[in-house]
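Beneath this line is the structure, given in structure tokens, with notes to follow.
The values are calculated or read from the model by the stated rules, or taken from the named source; none is laboratory data. Please read all numbers here as calculations on a predicted model, not as lab measurements. Cβ atoms come from the backbone with ideal geometry, glycine included; neighbour counts cover every protein chain shown.
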Amino acid sequence: MCKDCGCGEDNGVVTKVFTVPGMMCNNCKETVEGASLGLPGVLSAEVNLPEKTATVSFDPAKASVEDITKAIERTGFEVESVADGVQEHSHGLLGTLKRFFK
């Protein structure tokens with residue numbers, strides 16, 4: 001449980017970091033993010049061009065690492081590796097109120 005808001009630590013969401021070495025420009029960034037976000041269950045996708053990574057958060061009941069890898073590779077990019085990422089979740093109004101009244 002999140003100590004600030006009481007929500008589930010990751011709310012059932014999985015975050016993975018995909019290393020995609022071929023990305024070089026904003027068009028590459030938009031292509032990889034769009035391919036990932038186009039899948040059911042993908043909640044967020046954020047590319048870091050300098051690091052050549054795409055951090056994707058998804059519902060594992062609706063999408064898998066394999067699904068996301070295939071979607072990225074269908075755009076012409078190669079996924080070199082996949083590592084665990086950290087889920088950043090919003091604490092919303094309840095979390096804000098709890099932090100305010102600590």
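Would you point out the residue of region 34-79, among those that are free of Cβ contacts under 8 Å to residues at least 40 places away in the same chain, of a type in the set (G, A, S) and crowded, with 16+ Cβ neighbours inside 10 Å, that is nearest to F18 (Cα to Cα)?
Step by step, filter region 34-79, then rank; the result is A54.
Give me the residue from region 80-89 that is touching a strand residue (DSSP E or B) at 6+ places or on another chain (Cβ under 7 Å) and surrounded by 15 or more Cβ atoms within 10 Å (Cβ to Cβ) and, out of that set, modelled with the lowest pLDDT.
Result: Q87.
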